[in-house]
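J.: Have a look at this one.
FYI, it's all coordinate maths here, none of it is from the lab. Everything numeric in this text was worked out from a predicted model, so none of it was measured. Cβ placement follows ideal geometry from the backbone for every residue including glycine, while neighbour counts extend to all protein chains displayed.
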Amino acid sequence: MKEGEIGKAISLMRSMPLCQKLVAWRTVLNACKNWGSLQDGQVAFEHAVHLDKEDAATYVLMAHTYACNIMVAARGSVG
């Protein structure tokens, strides 16, 4: 997924049938981590958790999304 296409992916996800939707939401969440899109990542996380509250992979991806966002912010504030 390219930068700037996360919004399109989220719109597409909302119109998809339930089949394989959890995997797709996790894929969007991973893209958000890669592109530093915390707000869209939170949307994807909420949808994925709604589908399966016990799926550990979703929580790990969200933790990594937060961590990457913090690292980018810290890098920007260093000299």
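J.: May I have the extent of the alpha carbons of the stretch 6-77 along their three principal axes, as whole Å values ordered from largest to smallest?
T.: The Cα atoms of the stretch 6-77 stretch 43, 27, 13 Å along the principal axes, largest first.
J.: Report the label-to-label distance for residue 20 and residue 39 in nanometres (one decimal), using points 7 Å from each Cα along the Cα→Cβ vector.
T.: Each label point lies 7 Å from its Cα, and together they span 3.0 nm.
J.: Roughly how many debye, to the nearest 20, is the charge dipole of the chain about its Cα centre, given +1 on each Lys and Arg Cβ, -1 on each Asp and Glu Cβ, and no other charges? Before the final figure, lay out each step's value.
T.: Numbers: 8 positive and 7 negative charges, 30 e Å.
Result for the chain is approximately 140 debye, rounded to the nearest 20.
J.: Residue-wise, which Karplus ³J(HN,Hα) couplings in Hz belong to the stretch 58-66, taking 6.51 cos²θ - 1.76 cosθ + 1.60, θ = phi - 60°, and x for glycine or proline?
T.: Those phi angles translate into 5, 5, 5, 4, 5, 4, 5, 4, 4 Hz.
J.: Also, I was wondering about something else. Between the DSSP loop rule and a limit of at most 16 other Cβ atoms within 10 Å, which trypsin sites (Lys or Arg not before Pro) in the stretch 31-79 are left? Write down the numbers at each step before the final one.
T.: Working: sites: 33, 53, 75; in loops: 53.
For trypsin sites (Lys or Arg not before Pro) across the stretch 31-79 that sit outside H, G, I, E and B with at most 16 neighbouring Cβ atoms in 10 Å, the list reads 53.
J.: For the chain, build the charge dipole from Cβ charges (+1 Lys, Arg; -1 Asp, Glu) around the Cα centre, then report which of 63, 10, 23 sits farthest towards its positive end.
T.: Toward the positive end, the furthest listed residue is 10.
J.: Could you list 14, 26 so that the one with the fewest beta carbons within 10 Å of its beta carbon is first and the one with the most is last?
T.: Numbers: 14 10, 26 22.
Listed from fewest to most nearby Cβ atoms, that is 14, 26.
J.: If I take every Cα pair under 8 Å that is 6 or more residues apart in the stretch 6-77, average their sequence separation and divide by the length, what percent do I get for the relative contact order? Provide the component values of the computation, followed by the final result.
T.: Numbers: 67 pairs, mean separation 23.0, N = 72.
32 percent.
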